[in-house]
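The values are calculated or read from the model by the stated rules, or taken from the named source; none is laboratory data. For clarity, every value in this text was computed on a predicted model and none was experimentally measured. Here Cβ is always computed from backbone atoms with ideal geometry, including for glycine, and neighbour counts include all displayed protein chains. Calculation scope for accessible area: heavy atoms of the full protein, side chains included, ligands and nucleic acids excluded. Shrake-Rupley method; radii C 1.70, N 1.55, O 1.52, S 1.80 Å.
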Amino acid sequence: MVTSLHHKRIVIFGSGNGSNAENIIKYFKKNNQAEVTHVFSNNKRAKILKRAYNLDVNAIHFDRSSFYGTNEMLNLLKDIQPDLIVLAGFLWLFPEKIVEAFPDKVINLHPALLPKFGGKGMYGANVHKAVVEQKEEKTGITIHFVNEVYDDGKIIAQFETELKPTDTVEDVASKINKLEMEHFPKVINELLFPERYDTNGN
């Protein structure tokens, strides 16, 4: 493990399958200046924990009490001192006290083009179903900072994909997954090392 002063730490929160988390972990394993040190989940049966464990990343389950009722999670994160906290399929509203303790360091991936199709309950297949029902001509992903309201923080980046009238929920999910795999790790990298990118994102 590289332990230079420039070594950046990423922690990931997720509630489900963890395909994005695995993709991010693998992306930064090729980068000797940043790594995913911990993966947290509120669901002890979530596949994200197994994926993290299999990739030699600390995989930690927590409950609602330690997240909202005490400072246990806040203190743990303060000990870790992550450079970025990444929400990848995390379904709980992030506590305001943690957001305040890590200003501009908590980001989320939303599987639609915010402000469309955001808010409580709008995640995963729920979003894709709404996109199909509304007969949208395009959809995409939004990477944004997290605040105390679901899907309300400042937008960092958006990436679009065209939709066909015949696209099913599964088709939309596949197109979104492709965007996530391609762009999410790159945007994280740009946030960690902004000096490497000019104002046009190049």
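Just a few scattered comments:
- Some residue of region 184-193 being open to solvent by 30 Å² or more (accessible area, probe 1.4 Å) and touching a Pro at 6+ places or on another chain (Cβ under 9 Å): no
- Unmet criterion (only one of (1) closer than 25 Å to Y123 by Cα; (2) surrounded by 20 or more Cβ atoms within 10 Å (Cβ to Cβ)) for S15: (2)
- Selection status of L77, under 14 Å from S15 (Cα atoms) and either modelled with pLDDT of 95 or more or buried (at least 16 other Cβ atoms within 10 Å of the Cβ) (or both): no
- Qualifying residue in region 176-196 (condition: more than 20 Å from Y27 (Cα to Cα) and without any contact (Cβ under 8 Å) to a residue 60 or more places away in the chain): no
- Residue count, region 91-113 (criterion: open to solvent by less than 60 Å² (accessible area, probe 1.4 Å) and outside any helix (DSSP H, G or I)): 13
- Residues that are within 21 Å of N17 (Cα to Cα), assigned to a helix (DSSP H, G or I) and open to solvent by 100 Å² or more (accessible area, probe 1.4 Å), drawn from region 122-147: K129
- Test: A112 is of a type in the set (A, V, I, L, M, F, W, C), under 21 Å from A173 (Cα atoms) and at pLDDT below 95: no
- Within this structure, A88 fails the test of being touching a residue at least 40 places away in the same chain (Cβ under 8 Å), open to solvent by 50 Å² or more (accessible area, probe 1.4 Å), within 29 Å of T168 (Cβ to Cβ) and of a type outside the set (D, E).
- Residue in region 21-34 that is among the aromatic types (F, W, Y) and part of a strand (DSSP E or B) present: no
- Condition check for V39 on (1) β-branched (V, I, T); (2) open to solvent by less than 20 Å² (accessible area, probe 1.4 Å); (3) closer than 30 Å to P165 by Cβ: one failure, at (3).
- If the condition is being in a loop (DSSP other than H, G, I, E, B) and within 14 Å of the chain's Cα centre (by Cα), then region 148-170 contributes Y150, D151, G153.
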